[in-house]
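These notes are about the structure you will find just below.
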Amino acid sequence: MNQRNTLNVRQQGEFVQHIGVAALQSPAEVQLELAQYSGEQQSTLQGRWLLSGLLSNSMFERLRQNYPHDVNAKIEAYPTSCGALYTVLTNQIGSYQHRFLLPGFSKALSTYSQDASEGTLNLFLEDSERPGEGLLYQVDKALVSMGIQYAMSQPMGHRPLRDLIAEIPLQIVRFSRLYSVESLIPGVEVKAADVSILISDAELLAWSTSEARVMAGVD
């Protein structure tokens with residue numbers, strides 16, 4: 001699996017929230033790294049796309065105790081002030097959520113949306129405190145693709161890419177707030193939310209030095 005960055009870890013009430021970088025790998029990229037996974041995981045990953053994210057240890061442990069049972073999941077599209085659209089894939093167990101933030105201008109998403117192959121998208125949710133230890137889930141690729149293609153099909157006006165990149169910190173802050181995504185379980189309040197954003201190394205470098213990062217309070 002690709003090594004990913006931790007953008008922020010902060011206390012949120014009695015919970016610790018983790019904010020990190022997600023990775024979206026093609027079947028060919030996954031094939032090159034199969035040796036890093038267990039034998040059972042290798043057979044599941046063969047020929048499939050893989051979306052990986054980092055979790056706080058507290059959420060990971062709750063998922064691990066529930067595994068291999070499924071968790072609640074939902075995909076939605078949210079507009080931004082710059083005119084971009086973010087696809088947000090949310091998983092929830094109990095009062096804990098993990099949110100994948102997938103910007104509509106992402107090159108990785110563009111490649112994914114152009115892949116017309118049928119099959120399953122796999123999610124690899126990894127413990128941020130124990131790199132390489134993670135849980136593998138399967139998601140309906142067609143359902144995710146519809147959400148992503150909708151987000152990418154929306155016009156972004158005449159705003160240059162640098163403006164969309166500068167907006168990334170604001171979106172991280174936005175979706176780090178507990179109330180930004182409703183609970184997927186009726187009657188259960190969301191008490192903690194981890195966030196993994198799909199961002200390339202070039203985009204990460206661009207926004208890490210941006211004044212917007214300081215203004216957004218991501219530090």
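The values are calculated or read from the model by the stated rules, or taken from the named source; none is laboratory data. Everything numeric here is computed off the predicted structure, so don't read it as measured data. FYI the Cβ positions are ideal-geometry reconstructions off the backbone, even for glycines, and counts take in every protein chain you see.
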Next on the checklist: Criterion first (among the aliphatic types (A, V, I, L, M), at pLDDT below 90, surrounded by fewer than 22 Cβ atoms within 10 Å (Cβ to Cβ) and more than 17 Å from the chain's Cα centre (by Cα)) does Ala73 satisfy it?
Outcome noted: no
Checklist outcome for this item: Of (1) at pLDDT 90 or above; (2) in a strand (DSSP E or B); (3) aliphatic (A, V, I, L, M), Leu63 fails just (2)
Next on the checklist: So, in region 83-116, exactly how many residues are surrounded by fewer than 19 Cβ atoms within 10 Å (Cβ to Cβ) and within 11 Å of the chain's Cα centre (by Cα)?
Outcome noted: 0
Checklist outcome for this item: Exception for Val30 within (1) at negative phi; (2) touching a residue at least 60 places away in the same chain (Cβ under 8 Å); (3) of a type outside the set (Phe, Trp, Tyr) falls at (2)
Next on the checklist: I'd like the residue in region 20-35 that is assigned to a helix (DSSP H, G or I) and either charged (D, E, K, R) or out of contact with any Gly (no Cβ under 7 Å at 6 or more places or on another chain) (or both) and, out of all such residues, is modelled with the lowest pLDDT.
Outcome noted: Ala35
Checklist entry - How many residues are in a strand (DSSP E or B) and either farther than 19 Å from Val21 by Cα or not aromatic (Phe, Trp, Tyr) (or both) if we restrict to region 79-101? => result 13
Checklist entry - When both residues are 6+ apart or on different chains and their Cβ atoms are under 8 Å apart, which pairs have a first residue that lies in region 70-97 and is farther than 15 Å from Asn122 by Cα and touching a residue at least 40 places away in the same chain (Cβ under 8 Å), and a second that is outside any strand (DSSP E or B) and acidic (Asp, Glu)? => result Thr80/Glu167; Ser81/Glu167; Cys82/Asp163; Cys82/Glu167; Ala84/Glu167; Ser95/Glu189
Checklist entry - Which residues, taken from region 172-196, are in a loop (DSSP other than H, G, I, E, B) and acidic (Asp, Glu)? => result Glu182, Glu189
Next on the checklist: Exactly one condition in (1) under 21 Å from Glu167 (Cβ atoms); (2) free of Cβ contacts under 8 Å to residues at least 60 places away in the same chain is false for Gly39; which is it?
Outcome noted: (1)
Item to check | Residue list for region 43-60, restricted to those being surrounded by 15 or more Cβ atoms within 10 Å (Cβ to Cβ), of a type in the set (S, T, N, Q) and outside any helix (DSSP H, G or I) | outcome: Ser52, Ser56
